[in-house]
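Below you'll find the structure, written out as structure tokens, and then a few comments.
Laboratory data are not the source of any read-out in this text; all were calculated from the coordinates shown. Just so you know, these numbers come straight off a predicted model, no measurement behind them. Note that each Cβ is placed from the backbone with ideal geometry, even for glycine, and that neighbours are counted across all protein chains shown.
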Amino acid sequence: DSGVTQTPKHLITATGQRVTLRCSPRSGDLSVYWYQQSLDQGLQFLIQYYNGEERAKGNILERFSAQQFPDLHSELNLSSLELGDSALYFCASSVATSVPGWDTDTQYFGPGTRLTVL
Amino acid sequence: TQLLEQSPQFLSIQEGENLTVYCNSSSVFSSLQWYRQEPGEGPVLLVTVVTGGEVKKLKRLTFQFGDARKDSSLHITAAQPGDTGLYLCAGVGSPNSGYALNFGKGTSLLVTP
């Protein structure tokens, strides 16, 4: 158990719909990352939040958005869903202190949310 | 985005055999990580390699970072069924990218008794 929780575990919805995935980081971790895992693209970085603020963006579509709340949990919102959005969505958290310099602190991954768009 | 290629994609071996999986890139990474992912779970970090030429051992697993820090390998000695899983390598991004991980597509390993 990584200490990162994600809900729901499974989500089945239709094209054109909107869904929200939730992530609670490990206690004390300020940074949250979202990743998408699909069979053809593998595991891809979407977006990162640090202490409530967006810190880095990866291959995130404009139809997707995220936020991190004052209690540090994060939500990933996916809208106008397409069949190709079906994937596993993982959240990871790390301490990610604000001290500059190379810091390869560990990212702990949650169990993921499996999204199926029909 | 720096591309990481892993080979082989799939590997099916019998218990007790040795194996090596590879992770290659045309780009230099400051550090590289190996993860193992089991069905229905998120990836779990196995090791981080930082220095070119570095070798790290984790029980029966040996990880090597290439001298030029563009490639890495994972060698498993005397594989066991418990080693079954998806092995992913990931380059650690720059501070500007929030240290986001850039993953290869993985090597799916099946070890049968």
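Summing charges over all other residues whose Cβ lies under 14 Å from the Cβ of B:S73, with Lys and Arg as +1 and Asp and Glu as -1, gives 0.
With the convex hull of its Cα atoms as the shape, chain A has an orientation-averaged projected area of 7.1 nm².
Quick one: Kirkwood hydrodynamic radius for the protein assembly as shown, alpha-carbon pairs, angstrom, one decimal? Here the Kirkwood hydrodynamic radius works out to 18.1 Å. Excluding same-chain neighbours fewer than eight residues apart, the lysines reachable from A:K57 by a Cα-Cα span under 23 Å are B:K105. For the range A:19-61, the calculated P(r), taken from all Cα-Cα distances in 10 Å bins from zero up to the bin holding the longest distance, is 25, 52, 21, 2 percent. Backbone phi angles across the range B:63-77, fed through the Karplus curve with coefficients 6.51, -1.76 and 1.60 (θ = phi - 60°), yield HN-Hα couplings of 10, 10, 9, x, 4, 8, 6, 10, 8, 8, 9, 10, 10, 10, 9 Hz in residue order; Gly and Pro are listed as x.
Computed over neighbours whose Cβ is under 10 Å from that of A:L72, the net charge equals -1, Lys and Arg +1, Asp and Glu -1.
Using bins of 5 Å that start at zero, the share of Cα-Cα pairs per bin across chain B amounts to 2, 13, 23, 25, 19, 10, 5, 2, 0, 0, in whole %. Here the protein assembly as shown is treated with +1 on each Lys and Arg Cβ and -1 on each Asp and Glu Cβ, and its dipole about the Cα centre works out to around 80 debye.
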